[in-house]
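Colleague: Pasting a structure here, questions to come.
The values are calculated or read from the model by the stated rules, or taken from the named source; none is laboratory data. Just so it is clear, the model here is predicted, and its values are computed rather than measured. With ideal geometry, Cβ positions are generated from the backbone for all residues, glycine too; neighbour counts draw on all protein chains shown.
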Amino acid sequence: ATVPINENIVMYVLNGLFGGYTATYSDKFFYFHDQVITNREFRDMWEYTLKLTDSEKKMLIYHLAELLTKRFKYYFLSANCAQGVAVLLDTFIKEDVYNFNYPIYVPEELFHRLQQIDAKRRENKEAELIKNIRYIPSARRYLFYETKRLSSEERRAYLNITNNHSEDFVSLLKELDIASRINVLNALLAYQYYKLMASYEENQRLKEYKDKILLERLRLPIKKEIPLNIPEIPSPANVSPPSTFNIGFVNMEGSDPFSTVGVTVFRKESVGMNALEYSECVALDLNVGIAFDSEKIFVDNVNFLEIKDFRTFYLKEAKENPLSWKVRAGIDRYNIDDNASYDYVLDGGIGMAKKANNIGVFYGFMSASLHSLDQQYRAGPSLGFVTGSEFVKLQMDYGLEFGLEDYGYIETVQTKLQYQINKQHALQVSFKKNSQKRLTVSYFFYW
């Protein structure tokens, strides 16, 4: 999509959702897009190398030549880059790559479809479609792990130079031995590269400063480079598909038990097989309740949007925002004095998150929320963690919710335990306590 530089985030979201941008196919080399996405926009990438025949490659080139001058409206949730690539691949791959059955098409759909085609071909002993999948970390992630491996003494010198912007940085390195100087200079070069890429305007001073650091590094001996160990994030095709269908059983305080049936357009939960590094994004989630002793069917809950963004790594020297945040817009059902009432909720919070190596993530939030049921204005702190392995994950959250009208407070507890049978099937047990207690056991089918 053609997006103006430094576009306002609100306008970016609105234009992306409602077709305010136009998009085109590109004839630029792959490394150009690699530079833009990983080194300027600081997003991680996965490179999918497809094993195409000569005739398929020819068809791809011919069709691209026809498409280069075409423009189309760009939508985040339908006519996006992934859909454009899927439609393109459909012209010469014998299997159906693009599925026209659903009005929403997110990028993960393409990767899962390619994986399905590849798996089916291998099963039938046909030529595979996917030759290789390569993870390409962003320049920002590279810098984070480059500086993380510095010793405490080296890190002090590195932060001293980056914080003070000292032109005479050589004097700040004198107390270090040769090996440590090399490590600090390598980190400084990575930082200057990050700064140059983050600046959309030409900055001659930054270039000159980077050249000074490079010159100082060249004065020192050659040192065998130790490969940087950047933990790989699983590709979208190696985690669960984004949409779900679920059935469940609910036992809620003040109500007879009932069953639920639900569907979610996009679900990436912290406890699921997730490529978001413990963060969470759930959009357009609807659950319908069915009473056991009658034919009564009712809306149980709705999540229009629920996001938890855990900032588990950030660059202090680049003055990056360290705050994690969360937001939820939805509808909850409560059984008050045997009468069902619906609470329309808008909830948001900011806080801090800390990743503990491979154990999980710990977090704390200060939240504020607006409700349609009393009390309407609420706020309070919460603490929690997510831990587990690839197939079993546990999330626990404890907080206090203060009413801002009549004051007083209640304790809130939320626990989720999910067992991932495989990429498409999972079992989840959740317990929630606020003004009522609720236990839910669910089966999820990812598609």
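Results for (1) out of contact with any Gly (no Cβ under 8 Å at 6 or more places or on another chain); (2) over 23 Å from residue 246 (Cβ atoms); (3) surrounded by 15 or more Cβ atoms within 10 Å (Cβ to Cβ), shown as yes or no for each residue.
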{"residue": "360", "(1), (2), (3)": "no, yes, yes"}
{"residue": "364", "(1), (2), (3)": "no, yes, yes"}
{"residue": "371", "(1), (2), (3)": "yes, yes, yes"}
{"residue": "376", "(1), (2), (3)": "yes, yes, no"}
{"residue": "380", "(1), (2), (3)": "no, yes, yes"}
{"residue": "400", "(1), (2), (3)": "no, yes, no"}
{"residue": "416", "(1), (2), (3)": "yes, no, yes"}
{"residue": "419", "(1), (2), (3)": "yes, no, no"}
{"residue": "439", "(1), (2), (3)": "yes, no, yes"}
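Colleague: OK, next. Among the residues of region 6-59, write down those that are among the acidic types (Asp, Glu), under 19 Å from the mean Cα position of the chain (by Cα) and at pLDDT 75 or above.
Modeller: Matches in region 6-59: 44, 47.
Colleague: Against the conditions (1) loosely packed, with under 13 Cβ neighbours inside 10 Å; (2) farther than 25 Å from residue 230 by Cα; (3) at pLDDT 85 or above, where does residue 83 fall short? Just the number, please.
Modeller: Failed condition: (1).
This table checks each residue for (1) in a strand (DSSP E or B); (2) in contact (Cβ under 8 Å) with a residue 60 or more places away in the chain; (3) among the basic types (Lys, Arg); (4) at negative phi.
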position	(1), (2), (3), (4)
383	yes, no, no, yes
386	yes, yes, no, yes
396	yes, no, no, yes
406	no, no, no, yes
414	yes, no, no, yes
417	yes, yes, no, yes
420	yes, yes, no, yes
428	yes, yes, no, yes
443	yes, yes, no, yes
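Colleague: Within region 123-141, does at least one residue satisfy the condition of being out of contact with any helix residue (DSSP H, G or I) (no Cβ under 9 Å at 6 or more places or on another chain) and of a type in the set (Phe, Trp, Tyr)?
Modeller: Checked region 123-141: at least one residue is out of contact with any helix residue (DSSP H, G or I) (no Cβ under 9 Å at 6 or more places or on another chain) and of a type in the set (Phe, Trp, Tyr).
Colleague: Looking only at residues that are over 15 Å from residue 162 (Cα atoms) and either at pLDDT below 90 or basic (Lys, Arg) (or both) in region 180-206, which one is surrounded by the most Cβ atoms within 10 Å (Cβ to Cβ)?
Modeller: The qualifying residue surrounded by the most Cβ atoms within 10 Å (Cβ to Cβ) is 197.
Colleague: Further question on the same structure: Go through region 246-264 and report how many residues are in a loop (DSSP other than H, G, I, E, B) and touching a strand residue (DSSP E or B) at 6+ places or on another chain (Cβ under 6 Å).
Modeller: Taking region 246-264 as the starting set, the residues that turn out to be in a loop (DSSP other than H, G, I, E, B) are 253-257.
From what's left, touching a strand residue (DSSP E or B) at 6+ places or on another chain (Cβ under 6 Å): 253-255, 257.
Looking only at that region, the number is 4.
Colleague: Assess whether residue 111 counts as being among the aromatic types (Phe, Trp, Tyr), in contact (Cβ under 8 Å) with a residue 40 or more places away in the chain and not in a strand (DSSP E or B). Break it down stepwise before answering.
Modeller: Working: among the aromatic types (Phe, Trp, Tyr): yes; in contact (Cβ under 8 Å) with a residue 40 or more places away in the chain: yes; not in a strand (DSSP E or B): yes.
Answer is yes for this residue.
Colleague: Let me ask something additional. Of the numbered conditions (1) free of Cβ contacts under 8 Å to residues at least 24 places away in the same chain; (2) touching a Ser or Thr at 6+ places or on another chain (Cβ under 9 Å); (3) closer than 30 Å to residue 291 by Cα, residue 343 fails exactly one; give the number of that condition.
Modeller: Going through the list (1) free of Cβ contacts under 8 Å to residues at least 24 places away in the same chain; (2) touching a Ser or Thr at 6+ places or on another chain (Cβ under 9 Å); (3) closer than 30 Å to residue 291 by Cα, residue 343 breaks only (1).
Colleague: Another one. Quick check: is even one residue across region 289-306 modelled with pLDDT of 95 or more, among the β-branched types (Val, Ile, Thr), touching a Ser or Thr at 6+ places or on another chain (Cβ under 8 Å) and over 30 Å from residue 140 (Cα atoms)?
Modeller: no
Colleague: Look through region 246-268, keep the residues that are among the hydroxyl-bearing types (Ser, Thr, Tyr) and closer than 30 Å to residue 102 by Cα, and return whichever of them is surrounded by the most Cβ atoms within 10 Å (Cβ to Cβ).
Modeller: Among those residues, the one meeting the criterion is 264.
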